[in-house]
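Take a look at the structure set out below.
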Amino acid sequence: MPVYDTSEELLRKAIASVRSQIYDNWKLCIADDASTAQHVKTLLAEAKADDARIKVTYRETKGHISFASNSALALATGEYVVLLDHEDELTEHALYLVVAELNAHPHVALVYSDEDKITEYGTSLTSSRIGIRIYSCARIW
């Protein structure tokens, strides 16, 4: 997860959404892209100290999202990766659904999961229009 001067509230929510997954065999790899906001470094250090599954690297120079993403990916040791931005949140069953799809179809190379935009108050922008929450997961062979 690339991070740069994210608000404390949004960064806490992003990290908490990963930590609250019902599938718990994950690692959260975070690259701080030379943030100038002190709360970012403090929060990342706390998260890393609180959970051994959280890995953090601190970039000395700002490389923007592509370099920061690559720095985070360099920390990954698993078979699969999920991309997450510093202002994103996962539903508590997001990783479980991806793993279930991979287990049901072990020959697939990629699983795509769609997004649901939410407001700063946590209200869904898409499902509120139709009254239901939709999650999609597609396989690519």
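The values are calculated or read from the model by the stated rules, or taken from the named source; none is laboratory data. Owing to the predicted nature of the structure, the values given are computational and were not obtained by experimental measurement. Heads up, the Cβs are rebuilt from the backbone with ideal geometry, glycines too, and the neighbour counts pull from every protein chain shown.
Could you please find all residues in the range 61-77 being in a loop (DSSP other than H, G, I, E, B), surrounded by 13 or more Cβ atoms within 10 Å (Cβ to Cβ) and of a type outside the set (Lys, Arg)?
63, 75, 76
Given the structure, is residue 35 in a helix (DSSP H, G or I), at pLDDT 90 or above and within 22 Å of residue 6 (Cα to Cα)?
no
So which residues in the range 94-109 are loosely packed, with under 10 Cβ neighbours inside 10 Å and either touching an Asp or Glu at 6+ places or on another chain (Cβ under 9 Å) or not in a helix (DSSP H, G or I) (or both)?
106, 107, 109
Residue under question is residue 12, and the condition is that it be surrounded by 15 or more Cβ atoms within 10 Å (Cβ to Cβ) and within 14 Å of the chain's Cα centre (by Cα); does it hold?
yes
At pLDDT 95 or above, closer than 27 Å to residue 121 by Cβ and of a type in the set (Lys, Arg): does that describe residue 53?
Criteria not met by residue 53.
So which residues in the range 20-33 are surrounded by 15 or more Cβ atoms within 10 Å (Cβ to Cβ) and in contact with a helix residue (DSSP H, G or I) (Cβ under 9 Å, 6 or more places away or on another chain), if there are any at all?
The answer is 21, 26, 28, 29, 30, 31, 32, 33.
Go through 80, 58 for me and flag whichever is loosely packed, with under 14 Cβ neighbours inside 10 Å and of a type in the set (Phe, Trp, Tyr).
One residue alone meets the criteria, 80.
Would a scan of the range 46-55 turn up a residue that is under 15 Å from the mean Cα position of the chain (by Cα) and part of a strand (DSSP E or B)?
Yes, the conditions are met somewhere in the range 46-55.
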